[in-house]
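Read the structure below first, then the notes.
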Amino acid sequence: MKTEENVVKLAPSILAADFARLGEQVAEAEKAGADRIHVDVMDGHFVPNLSMGAPVVQSLRRVTSLPLETHMMITNPDLFLEEFVAAGSDSFLVHWEGNYNLDRTVRRIKELGKRAGVVINPATPTSVLEEILPEVDLVLLMTVNPGFGHQHFLHSTLSKIHRVRRMVDEVNPRCEVEVDGGVDEETAPLAAAAGANVFVAGSSIFGDKAGVTTAIDSLRARIVGRQGVVSA
Ligand code: DX5
Ligand code: ZN
């Protein structure tokens, strides 16, 4: 079924952007047809790396009208939700790992009027999604271990994407299935065939020597038509 929720969407990850030209690069991505901007927030504890915080979202809010999705790779996302909402975040992706009160976090995001997504790491089984799935707008499957850009897509996640697509279609068809990590022209069509419809891409968009516009065009062209090719 073709609905607004399962059309192909591209979410360039600014982790791979040139921070000295961030506004420019995001504007170019918007013009090239990006559907949302993916902002990776890391605290050096939840993942072994540091990245950016709410001030970056605030600056981006002034230069783009695209939805800003905020991937919270931090130990206590609840503490920062309000700050990011005030800065202009439109949605939050929160990890199952390490969150003992995930339902509370998801409810809080919704109370704040924002879209909520749950994220699972490569080694986390899909069964943990069972209870939370009806409550979320997105499921994000990490296709690398979180913390760094420019890693190789883990092909072992393909069967997981397929399983999650089946769960989503059954339980909450309005939920999006998103993938993050190592997504490029080779791996995106595989993830699409397995059932993903939202594609986060950092290096393959901002690191493409041909430029952001060409990268977005060719990534989209490789994905469209591949969706749901793998059948049960
Ligand atoms: C990794 C981040 C990703 C990262 C993807 O922890 O969540 O969003 O930016 O980067 P690429 O597309 O380069 O693998
Ligand atoms: Zn991310």
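The values are calculated or read from the model by the stated rules, or taken from the named source; none is laboratory data. Computed from a predicted structure; not experimentally measured. Reconstructed Cβ throughout: ideal geometry from the backbone, glycine too, with neighbour counts over all protein chains shown.
Hey, which of the helices (runs of 4 or more DSSP H) in the stretch 155-214, taking only ones fully inside, have at least 2 residues that are away from ligand 2 (no atom under 16 Å from the Cβ)?
Correct list: 158-171, 187-194.
Take the stretch 161-190 and flag every residue that is in contact with a helix residue (DSSP H, G or I) (Cβ under 6 Å, 6 or more places away or on another chain), away from ligand 1 (no atom under 16 Å from the Cβ) and not hydrophobic (A, V, I, L, M, F, W, C).
HIS162, ARG163, ASN172, ARG174
Looking at ALA54, ALA27, ALA87, ALA20 in this structure, which one is more than 30 Å from VAL168 (Cα to Cα), more than 15 Å from ligand 1 (Cβ to nearest atom), in contact with a Lys or Arg (Cβ under 7 Å, 6 or more places away or on another chain) and at pLDDT 95 or above?
On the way: ALA54 fails: in contact with a Lys or Arg (Cβ under 7 Å, 6 or more places away or on another chain); ALA27 fails: in contact with a Lys or Arg (Cβ under 7 Å, 6 or more places away or on another chain); ALA20 fails: in contact with a Lys or Arg (Cβ under 7 Å, 6 or more places away or on another chain).
Result: ALA87 is the single residue among ALA54, ALA27, ALA87, ALA20 that is more than 30 Å from VAL168 (Cα to Cα), more than 15 Å from ligand 1 (Cβ to nearest atom), in contact with a Lys or Arg (Cβ under 7 Å, 6 or more places away or on another chain) and at pLDDT 95 or above.
Restricting attention to the stretch 36-51, does a residue exist that is in contact with a Lys or Arg (Cβ under 8 Å, 6 or more places away or on another chain), closer than 27 Å to GLY182 by Cβ and either in contact (Cβ under 8 Å) with a residue 40 or more places away in the chain or of a type in the set (Ser, Thr, Tyr) (or both)? Walk me through it before giving the result.
Looking only at the stretch 36-51, we keep the residues that are in contact with a Lys or Arg (Cβ under 8 Å, 6 or more places away or on another chain), and these are 36.
Of the ones still in play, those that are also closer than 27 Å to GLY182 by Cβ are 36.
Of the ones still in play, those that are also either in contact (Cβ under 8 Å) with a residue 40 or more places away in the chain or of a type in the set (Ser, Thr, Tyr) (or both) are 36.
Checked the stretch 36-51: at least one residue is in contact with a Lys or Arg (Cβ under 8 Å, 6 or more places away or on another chain), closer than 27 Å to GLY182 by Cβ and either in contact (Cβ under 8 Å) with a residue 40 or more places away in the chain or of a type in the set (Ser, Thr, Tyr) (or both).
Is it fair to say THR214 is at pLDDT 95 or above and in contact with a Phe, Trp or Tyr (Cβ under 7 Å, 6 or more places away or on another chain)?
no
Which of the residues that make up the stretch 105-132 are on the phi > 0 side of the Ramachandran plot and surrounded by 14 or more Cβ atoms within 10 Å (Cβ to Cβ)?
Hits for the stretch 105-132: nothing passes.
Is it true that ASP180 is surrounded by fewer than 20 Cβ atoms within 10 Å (Cβ to Cβ) and closer than 20 Å to LEU15 by Cβ?
no
Report, by residue number, each residue of the stretch 144-159 that is in contact with a Leu (Cβ under 8 Å, 6 or more places away or on another chain) and more than 8 Å from ligand 1 (Cβ to nearest atom).
Across the stretch 144-159, the qualifying residues are HIS155, THR157, LEU158.
Out of the stretch 105-143, which residues are of a type in the set (A, V, I, L, M, F, W, C) and not in a strand (DSSP E or B)?
VAL106, ILE109, LEU112, ALA123, VAL128, LEU129, ILE132, LEU133, VAL136
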